[in-house]
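Input: a single structure, listed below in structure tokens.
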Amino acid sequence: MRARTSGEGLAAPSEVAGGSTAIASALPELHSIRLIDGFECTIDGEVVELPRGCQRLVAFLALWERPVLRTFVSGSLWPDSDDAHSSACLRSSVWRLQSLGPSFVHVTPMHLALDPRVEIDYREAVDWSRTVLAGTDPLPVVWTMNEISGLVREVLPDWYDEWVQQARERFRQLRLHALEQLCARLTSDRRYGEAVLAGLAAVAIEPLRESAHRSVIEVHLAEHNHVEALRQYRRYEQLLRVQLSLRPSAELRERVGAALAG
């Protein structure tokens, strides 16, 4: 199946009060946006190749869960341009998105937003992480490697815009805490195999994070696998010594020592 480009079926935009571009709100096809591990736009199963300016606009809106002021969008996407030029760039990007047919971008004279029916992997991962942290819902009986390892990948890894880096850091902190909480909850449920996967996923995201290593160690101790617990501790100990010339915290040293002594 060939990729659709933004130059096919280009239609002229309509105008609303204030000179803003109005986009039809109908969304007859399935739209999805991927931000994790790279940008991709899919319509009804077909990958759509967007120009760089359109990619940045769609990605920016996908990272927000509410309508965003047009001036904020244009200033963030084109920070080195004056207001007139950045606004013109924004209008051009919105207009070019109409080449996809009924657009998934909602436009008002003041705000921009993605249609809430668009599937966005980043928002799904954020919602999943928040649910785990809330701890109010029971964990599903079955967890797959893809569901856990999906949080290891970064948001738009090859993009270096300031707004992307800020979103990437927010997502990094959220998923780290979610994976550690998931590891603890799975350990309490004696689902040790899945718990180890969650803990190791947190370690993969931030190898120098003590709480991530502690999560894995606690799983091994709960299984009475003291050798595995010590092996994980030694890995972390060596990494800290080589990278930062530091030692694990006294609390972690005592936890491992007490377990081995017992």
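Below, the figures for the structure above:
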item: Pairs, first assigned by TED's automatic domain parsing to the domain that holds ALA229 in the range 168-197, second surrounded by 18 or more Cβ atoms within 10 Å (Cβ to Cβ) and among the aromatic types (Phe, Trp, Tyr), C-beta under 9 Å, six or more apart; result: ARG168/TRP159; PHE171/TYR122
item: Residues that are under 21 Å from LEU179 (Cα atoms), of a type outside the set (Lys, Arg) and surrounded by fewer than 18 Cβ atoms within 10 Å (Cβ to Cβ), drawn from the range 206-224; result: GLU206, PRO207, LEU208, GLU210, SER211, ALA222, GLU223
item: Residues that are surrounded by 13 or more Cβ atoms within 10 Å (Cβ to Cβ) and in a helix (DSSP H, G or I), drawn from the range 232-256; result: GLN232, TYR233, ARG235, TYR236, GLU237, LEU239, LEU240, LEU252, ARG253, ARG255, VAL256
item: Residue tally, condition β-branched (Val, Ile, Thr) and at pLDDT 90 or above, over the range 19-41; result: 2
item: Among the candidates SER81, SER103, SER149, residue that is more than 22 Å from the chain's Cα centre (by Cα) and surrounded by fewer than 18 Cβ atoms within 10 Å (Cβ to Cβ); result: SER81
item: The range 65-85 residues that are farther than 16 Å from HIS106 by Cβ, paired with ones that are part of a helix (DSSP H, G or I) and of a type in the set (D, E, K, R) (beta carbon under 9 Å, 6 or more apart); result: THR71/ASP83; SER74/ASP83; SER74/ARG91; GLY75/ASP83; SER76/GLU162; LEU77/ARG56; PRO79/GLU162
item: Residue in the range 168-181 that is part of a helix (DSSP H, G or I) and over 22 Å from ASP37 (Cα atoms) present; result: yes
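The values are calculated or read from the model by the stated rules, or taken from the named source; none is laboratory data. As the structure is a prediction and not an experimental result, all values here were calculated from the model. For neighbour counting, all protein chains shown are included, and Cβ atoms are generated from backbone atoms with ideal geometry for every residue, glycine included.
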